[in-house]
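One structure is given below, encoded as structure tokens.
The values are calculated or read from the model by the stated rules, or taken from the named source; none is laboratory data. All values reported here derive from a predicted model rather than from experimental measurement. Glycine also receives a Cβ, built like all others from the backbone with ideal geometry; neighbour counts cover every protein chain displayed. These area figures cover heavy atoms from the full protein model, side chains too; ligands, DNA and RNA do not enter into them. Shrake-Rupley method; radii C 1.70, N 1.55, O 1.52, S 1.80 Å.
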Amino acid sequence: MGRRKKQPLDEATRSMIINTAHDLFMEHGYRSVTTRQIAEACGLTQPAMYHYFADKEALYTEVLRTVTEQTRTAMNEIISSHGTVRERLIKLVAYILLYMPDDLSQMERDIRHELRPETQQLITRWWQESYLLPIAALFAEGQKNGSLQSGILDPVPSAFFLLSVIQRKPGGSRSPLPNATPVPAEIMAARTVDILLFGMASEEGRREVHNGNQGDGIT
């Protein structure tokens, strides 16, 4: 008797599993979500779901791969679009604000403590390719065409700094100021980019700093 052929995977079912798992993982965290919950939410049995993904880590990894791949595509499209460096930086930050998870710290803990080292390295590479390097490329373009200063920070540290100061999703349920009036992502993105490019000081404040530095013998 010949070996039984493996049934082909249904792409629609696979996508449904990924999308359902994404929502559950982002809301509850990796540890709190079980494969049984995901299967039941999809209307599947666990064995049927394991036909698509070997275990929870494999499914979580595919969720993050899908997210970072979508992000990389969107970020590169923004970089390739028309507009000044500042305008495109604002679009990049607005995209991140709109689509980043509500609780990044939870996701970072999940990756650091729940996943194997080789999986962590893979996700780190995806994050760099999707978030860090596209922003760094835009900083490099600005330094090359003279719209940004060169010699202060290299493009990669500049991109890392910008990512580190992006605040949580505006008006999100886990906002540090839940009673605050929601701010549109585009406005928050412009404020974030302008603080990095121009600083927080007003024109008067900059003159005060400049005059104070001259008084200290600093030019």
Quiz item: Which of the following residues is within 19 Å of His22 (Cβ to Cβ) and of a type in the set (D, E, K, R): Arg116, Arg109, Arg125, Arg88?
Solution: Arg109
Quiz item: Taking only pairs six or more apart or across chains, which ones have beta-carbon atoms under 7 Å, a first residue in the stretch 76-101 that is within 12 Å of Glu141 (Cβ to Cβ) and modelled with pLDDT of 95 or more, and a second residue that is of a type in the set (A, V, I, L, M) and not in a helix (DSSP H, G or I)?
Solution: Val85/Leu148
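Give the stretch 120-151 a look and list any residue that's of a type in the set (S, T, N, Q), open to solvent by 30 Å² or more (accessible area, probe 1.4 Å) and in contact (Cβ under 8 Å) with a residue 12 or more places away in the chain, or say none. Explain how you work it out, then say what you get.
Taking the stretch 120-151 and keeping what is of a type in the set (S, T, N, Q), we get 120-121, 124, 128, 130, 143, 145, 147, 149-150.
If we keep only those that are open to solvent by 30 Å² or more (accessible area, probe 1.4 Å) too, we end up with 120-121, 124, 128, 143, 145, 147, 149-150.
Within the stretch 120-151, Gln143, Asn145, Ser147 meet the criteria.
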Self-check item: Restricting the stretch 100-119 to residues that are buried (at least 16 other Cβ atoms within 10 Å of the Cβ) and polar (S, T, N, Q), the residue that is farthest from Ala185 (Cα to Cα)
Solution: Thr119
Self-check item: Contacts under 9 angstrom Cβ, first residue in the stretch 42-66 being open to solvent by 70 Å² or more (accessible area, probe 1.4 Å), partner among the β-branched types (Val, Ile, Thr), 6 or more apart
Solution: Tyr50/Thr35; Asp55/Thr35; Arg65/Ile123
Practice problem: Within the stretch 87-99, identify whether any single residue is within 14 Å of the chain's Cα centre (by Cα), over 17 Å from Thr66 (Cα atoms) and open to solvent by 80 Å² or more (accessible area, probe 1.4 Å), and answer yes or no. | Solution: yes
Quiz item: Taking Gly43, is it over 30 Å from Glu141 (Cα atoms) and at pLDDT below 95?
Solution: no
Practice problem: Report, ordered by the first and then the second residue, all pairs with beta carbons closer than 8 Å, sequence separation of six or more or different chains, a first member in the stretch 152-167 that is open to solvent by 60 Å² or more (accessible area, probe 1.4 Å), and a second member that is of a type outside the set (A, V, I, L, M). | Solution: Leu153/Phe161; Gln167/Thr192
